[in-house]
Amino acid sequence: MASAAEPKYDIAVKAVGGKLADCPFCHRSLLTLEEKHVPYTKTFIDFANKPQWLLDVNPAGSVPVMKELATGEWIVDSGTIQDYLEEKFPDPPLGTAEDSPQIGLDVLGKFGAFIKSSPEEAAEKEADLVECLRGLDAHLTAHGPFIGGAAPCATDCAVMPRLYHMQVGTKYFRDWEMPAELAALRQYMDTFMSRDSWKNTYYSPEMVIAGWEAHGIKKLVPAQ
Ligand SMILES: N[C@@H](CCC(=O)N[C@@H](CS)C(=O)NCC(=O)O)C(=O)O
């Protein structure tokens, strides 16, 4: 983060080519640190060359994992990190993962199912995704501008990275964009992306695309 304050944590995150990469779970934790103005440093993890210490700390080998520098304590998993930071740094409050509104979190699964779908399944998977987005749009229309109301909450930190993947991935892999009438959702994404927390944790659309391509997702070539 921009602050010159002494770092309190080091967080291990996915990286490619020495740059922050496309992990929505790492992004969630980074956004939480940023929104709470907790000073931290990052350790970049190249998935092709995971260090042994990561596997010792988290046998699943996944990131994020975060170390409290003063004590050496490890906090593993973005949900656990969310709740841990809420307890240690209650101001500004984001809420815990559980006590924040449970909406929009399934967008990554719905989006993934859509971009993986066969031509026969595509309409159904698209409709599932649109239903999820409409639910979020209706929530934001009634309770926005953020998911938690006037200020960001824990769910915003979890959902915004997923929406970013959805926005970039649907456009690239399916030449698809979310319906224009979802105005509150569009406004929400624009507003969140203008925050310092987003700018300080940004990775490019190319990173998002490369990440899904590494999972075997291919651009749909329309039938002639
Ligand atoms: N439940 C975990 C999931 C984290 C996760 O799945 N991270 C992925 C990257 S997006 C990972 O580290 N995968 C390890 C690998 O692919 O080798 C969390 O919320 O932190």
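The values are calculated or read from the model by the stated rules, or taken from the named source; none is laboratory data. What you are looking at is a predicted structure, and each value in this text was computed from that prediction instead of being measured. A quick note on method: Cβ atoms are made from the backbone with ideal geometry, for glycine too, and the neighbour counts reach across all protein chains shown. Heads up: the accessible areas ignore ligands, DNA and RNA and are worked out on the full protein's heavy atoms, side chains in. Shrake-Rupley method; radii C 1.70, N 1.55, O 1.52, S 1.80 Å.
Worth pointing out:
- Scanning segment 129-151 for residues that are charged (D, E, K, R) and surrounded by fewer than 17 Cβ atoms within 10 Å (Cβ to Cβ) turns up GLU131, ARG134.
- In segment 155-208, the residue that is nearest to PRO24 (Cα to Cα) out of those that are outside any helix (DSSP H, G or I), within 15 Å of the chain's Cα centre (by Cα) and not hydroxyl-bearing (Ser, Thr, Tyr) is ASN200.
- The set of residues in segment 77-124 that are under 17 Å from the mean Cα position of the chain (by Cα), within 16 Å of the ligand (Cβ to nearest atom), of a type in the set (Val, Ile, Thr) and open to solvent by less than 50 Å² (accessible area, probe 1.4 Å) comprises ILE81, THR96, VAL107.
- Output for segment 44-64, where each listed residue is more than 9 Å from the ligand (Cβ to nearest atom) and under 18 Å from the mean Cα position of the chain (by Cα): PHE44
- Qualifying residues in segment 2-19 (those that are within 12 Å of the ligand (Cβ to nearest atom) and not small (Gly, Ala, Ser)) - the one nearest to TRP74 (Cα to Cα): ILE11
- Selection status of THR155, crowded, with 20+ Cβ neighbours inside 10 Å and of a type in the set (S, T, N, Q): yes
- All helices (runs of 4 or more DSSP H) inside segment 1-91 with 2 or more residues being in contact with a helix residue (DSSP H, G or I) (Cβ under 7 Å, 6 or more places away or on another chain) and closer than 20 Å to LEU108 by Cβ: 24-35, 78-88
- Residue within segment 128-150 that is touching a Lys or Arg at 6+ places or on another chain (Cβ under 9 Å), closer than 26 Å to ALA21 by Cα and not in a helix (DSSP H, G or I) present: no
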